[in-house]
Structures are given as C-alpha cells and as structure tokens.
Amino acid sequence: MNAREKLVFAAGSLLSKDFRDDVSRPPRGVEEARALARFGALYQYAFDNVPYYRSKYGKAGLSRSFCATPAEVQRVPCLEKTEFGVNLTARSSWGVALESGGTSGPKASTHLGWDYVVKRYGMLLRVLYGLGWEMGRPISALHPVEYGYWNNLPGMIRRGEAVKAVFEFVQQYVIYRGFHNRRNFYYSGDVFENGSGGDALDQALRRKPFLVISRPDVLGYLVKRGLNDPSRREVAKALVVGNLTVLPAMKRVEDHLGCQALNMYASTEAGYMGLSCPRSGEWVHVDAANYWVETDPAQDNEIIVTDLNNYGMPLIRYRTGDVGELSARVCACGRPGPMLRVLGRKGRCLENERGKKVFDADVMSFFEDFPFLWAYQLCVEPGGKVAARVRAGEALGGRAEKALDEFCGKFGFARGRFRCDYSAPLSRSPSGKLQCIVTVSP
C-alpha cells in the first residue's frame, strides 16, 4: 500500500467502519433472502422517515409491516423520475445533492447522506481496483465541457450551494486529481457534428494512462472516425459508462487503443450497479449485494432498481427508463448471475410490420459494421415514417442508402418507410447523449 492509499484508507476508515469492506469485498454470492431483508429494512425506514413514501404506500394499501418476498416487492409502487421534484429526503439526513441529466435540459437531484457518500466512494474504489488499477496510476477521463467544475461554480454560488461547491472541489481536485492522479479532458457539445473531441482524446492518451473513462457514444465515435493518434496505444483499460454500448463497439475501441474495454452500468441517482468482465461481452454483473434489480415485462422490460444503501433519499423500485434483459445465467468467467444487458430506452424503439420491436442495441450493433457511418440516428416521424439522419460526407456513392437497404432487409421493415436525411442535425438527449432512435414531435 503506497502513501496515497494509506491516507485515503485512514480517512475512509475514520468516517466509516465499513470502508475497507466496501473497497475489498467482492459483490458476489449474496443470498436472495439477505437482499430481501435489506429491501424490507429500507422500506420500513422510508415509511417511517419520508412522509411522501408513507402517503404513497398507504394509498396503495400497504402498511409499515412488510414481509419482503419477491411477490410482495412487486406490490410496492414504483418510483418515477418525475417524482424527484417532491421531497424524498429522509428526516434528519444531512449530506449533498447530486444532479443528473446535467449537460442540457431538466435536471434531477439525488440526495446522498454523508455516510453514503463515503460508502459510494468505497464502491468506486472497488471497481477501479477490480480493473487492476493501483492508486496513483494515471487515469484520463473525457467529459462534456458543461461538466467542468469552473463552468458550474458561478451557478452554484448564485444558488447558494456552498456545500455542493466545496464537495465537488474536494472530489475533483483533492481526491481524483491529487490522490487518484486523474485528469479530466473536455469536449464541446457539437462533438458528433465536427469531431471536436479528437484533441481531447489525444491529450488524454498523451499521459499514457492506465485507464481511460468515457461515455461509449463519444469514445466509440472518436475512434471509429479515427480522430485519435494511432501511435498512442499505451492504455491498459477503457471503462465506458453513462450510455448504451454493444460488443462490436467495445471491440472497435479495443482495436484502436490496444486495450481492454469494459462496460459499467451506473447512474448519478443509483451509483455503480453493474460491471462487465473480459468474458461477459455486453452483459454486466449486477452488484446484488447493494442493489435489487428487476425488469417490468409490461413496460418493454424496463429496468427497475432499488439502491439498498441510500437511506438519505431512498430510491425504492426506481424506474430507470432503460430497458434490458435480466438473467440468472452463469457468465463464461464462471461467476453466477444476476447479469444485465441494456437494450435501449423505454418508448424508443422501431416496430416492424410483424410487430417485432427493434431497440437501440440492435441498431447500434448493425451499423457498427459500416465504418464509414461515424454518427447516425433513426428518427421516427409522425405517421411512422423513419428518417435516417446521416452526415452528407459519410454517404458518398449512395453508401448510406445501401446500408439502409440491408437494415430493412435484416429486421423486416418495408423500405418505403425509411429515407435518408443529410441535413437535419443529430438530436441529443437532455443529458447530451447521442441516441440511435429518437421520436420527432409533430
């Protein structure tokens, strides 16, 4: 253990007696009964300490007495993101609020008690150590410029968010930069229009980092377009997080950077819910020790998550808006489930003439085989027509039309429903992410 680690572990252990376990204990081998008992304890705590939950559960015919079985869990009403506007914070919980959906559009605020802030940091260290990282080895992270601390500081001051300003400074500049040796490199919001992130990626790679962290849509686009210096291949691992990815895209990152690419399923609201391994492909191993994860077959298998640790602002059966597959399968690495594969977003899919639904993951996997298509988007228009937004420079010689012919043939769509649009800008989500399938409002 080096000097940096000794300081971090000493401080973490002072703040939480479980800190070392949170860092070192592997998230596996958790019995369902134990996880259900933790779900029941969180439910009762929320019932006692969050008036909104008590009212909501009472209207659903539930009481404080709760026998946590899989069937009973499904009786608990789900939490929608629209409900973040009400006060879900437990009484007497003191901590910090983290915002998600932050690059543009509406934001949602998640309250973390200070005890959970320390625990979540321990869980992050467990992820990093699981990748083979050692504290102090260089990490480079790519972020949209809107995430920059100094860009957001004036707004935090105007809103009187002094605690948050101090917290984020300590997180970014003391812990990440000082102890982790992590540097952030920023790209502009038009990265998919003009490749403006190429310089940021080259600067990130110039440090010869052990680990590169990025959203998969951005990193995949930059390497597919060849905007990085191909001679810089000293990266050991690439961790993609914050948006959907598929195996062909991960393989492309590995080929271009000469590294191993891994996928993490995480969110600001819930934390680090799952991580892939070198043999799991698109699937991630769910951290069943800390999360109760379900899917709702009535809503395209929407992923529903309960964070078993957040008592400051309990997230109980939170609808993530993602859709996916949940399986008890045993991974090729030998580790048993649960395992999760994200397919896209709820309500955003294409339906062919036979009623079969095609999600973002299907679209992304297909078009990864066309290296000249750097960025693309299928926009469902009123009436069911679909416009394939493609940059004109990527469609020379009718290549985009031919790719669309093959797509319709493979997935059973009538070709007449689809057309190429070479002029419309690519649409981004409220948090700045590029989505393969979007719906155009009338």
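The values are calculated or read from the model by the stated rules, or taken from the named source; none is laboratory data. Quick caveat, the model's predicted, so the values are computed rather than measured. Glycine also receives a Cβ, built like all others from the backbone with ideal geometry; neighbour counts cover every protein chain displayed.
Listing for the model above:
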read-out: Selected residue (only one of L247, L219, L262 is farther than 30 Å from L112 by Cα and among the aliphatic types (A, V, I, L, M)); value: L247
read-out: Single residue of G132, G122 found to be within 30 Å of H180 (Cα to Cα) and assigned to a loop (DSSP other than H, G, I, E, B); value: G132
read-out: Within the range 270-311, tally of residues that are acidic (D, E) and at positive phi; value: 1
read-out: Flag for M264 being within 30 Å of G12 (Cβ to Cβ), in contact (Cβ under 8 Å) with a residue 12 or more places away in the chain and either more than 20 Å from the chain's Cα centre (by Cα) or assigned by TED's automatic domain parsing to the domain that holds Y149 (or both); value: yes
read-out: Qualifying residues in the range 297-321 (those that are without any contact (Cβ under 8 Å) to a residue 60 or more places away in the chain and of a type outside the set (V, I, T)) - the one surrounded by the most Cβ atoms within 10 Å (Cβ to Cβ); value: D307
read-out: Residue in the range 313-321 that is in contact with a Gly (Cβ under 8 Å, 6 or more places away or on another chain) and not hydrophobic (A, V, I, L, M, F, W, C) present; value: no
read-out: Selection status of R419, without any contact (Cβ under 8 Å) to a residue 12 or more places away in the chain, in contact with a helix residue (DSSP H, G or I) (Cβ under 9 Å, 6 or more places away or on another chain) and on the phi < 0 side of the Ramachandran plot; value: no
read-out: From A33, A46, A71, residue being of a type in the set (A, V, I, L, M, F, W, C), within 20 Å of D296 (Cα to Cα) and assigned to a helix (DSSP H, G or I); value: A71
read-out: Entirely in the range 299-410, the strands (runs of 3 or more DSSP E) that have 1 or more residues that are touching a His at 6+ places or on another chain (Cβ under 7 Å) and not small (G, A, S); value: 339-345
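A quick yes/no check of all residues on (1) polar (S, T, N, Q); (2) closer than 29 Å to V118 by Cβ; (3) surrounded by fewer than 18 Cβ atoms within 10 Å (Cβ to Cβ):
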{"residue": "N152", "(1), (2), (3)": "yes, yes, yes"}
{"residue": "A162", "(1), (2), (3)": "no, yes, yes"}
{"residue": "E168", "(1), (2), (3)": "no, yes, yes"}
{"residue": "Q171", "(1), (2), (3)": "yes, yes, yes"}
{"residue": "F179", "(1), (2), (3)": "no, yes, yes"}
{"residue": "D190", "(1), (2), (3)": "no, no, yes"}
{"residue": "D202", "(1), (2), (3)": "no, no, yes"}
